[in-house]
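The values are calculated or read from the model by the stated rules, or taken from the named source; none is laboratory data. Computed from a prediction, not measured in an experiment: that's the story for all the values here. Cβ sites come from the backbone with ideal geometry, for glycine too, and all protein chains shown count toward neighbours.
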Amino acid sequence: MEGSYRARVVRFAPVGRAANLCRAATFLILEPDEYAGRYVRTRLYYHDRALWKLRWLLHDFNYDADLLGADELVDRRVVGLEGVIRLAYWGSDGHRRLDVQGFGPSEGWAKGSLVPEPGESLPASARA
């Protein structure tokens with residue numbers, strides 16, 4: 001199941017007791033057809049080393065630019081956004097886990113330019 005998929009955010013909410021530490025994002029796969037209707041869940045953390053991944057999602061899924069510029073995150077405004085997710089296995093402790101490893105804009109799905117592979121450069125806006 002590794003690869004790129006067009007997906008929609010169907011749930012975006014705090015996880016655990018400390019609401020400001022991370023959010024769980026649930027994606028509904030829209031394309032390709034053989035995987036349509038399946039769900040993928042990942043966590044997006046707020047600490048400095050992981051915040052880039054949340055920004056990457058918000059940028060590529062076209063989150064409200066004014067809110068993004070003001071560093072405001074409104075969970076209900078994330079639900080319904082669409083884009084491309086890249087799924088990949090990770091883990092070296094004998095347990096491989098499938099997780100969301102990258103994001104891309106929906107327009108990339110139609111053009112065939114999907115999500116960067118590990119080691120490729122991220123969009124400048126995601127790195128900021």
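Things worth noting here:
- Taken over region 80-103, the criterion of being of a type outside the set (Asp, Glu) and under 15 Å from ARG6 (Cα atoms) is satisfied by GLY80, LEU81, GLY83, VAL84, ILE85, ARG86, LEU87, ALA88, VAL100, GLN101, GLY102, PHE103.
- Pick from region 55-72, criterion touching a residue at least 24 places away in the same chain (Cβ under 8 Å), out of contact with any Phe, Trp or Tyr (no Cβ under 7 Å at 6 or more places or on another chain) and not charged (D, E, K, R), ranking: farthest from ARG8 (Cα to Cα): HIS59
- Of everything in region 1-40 that is loosely packed, with under 12 Cβ neighbours inside 10 Å and among the charged types (D, E, K, R), the residue that is farthest from PRO105 (Cα to Cα) is ARG17.
- Contact annotation: residue pairs with Cβ atoms under 6 Å, 6 or more positions apart or on different chains, pairing a residue in region 91-106 that is more than 15 Å from GLU31 (Cα to Cα) and modelled with pLDDT of 85 or more with a partner that is surrounded by 10 or more Cβ atoms within 10 Å (Cβ to Cβ) and among the basic types (Lys, Arg), are GLN101/ARG86; GLY102/ARG86.
- Boolean, ASP60 is at pLDDT below 90 and charged (D, E, K, R): no
- Conditions (1) modelled with pLDDT of 80 or more; (2) closer than 18 Å to TYR5 by Cβ; (3) in contact with a Ser or Thr (Cβ under 9 Å, 6 or more places away or on another chain); number of the one not met by VAL115: (1)
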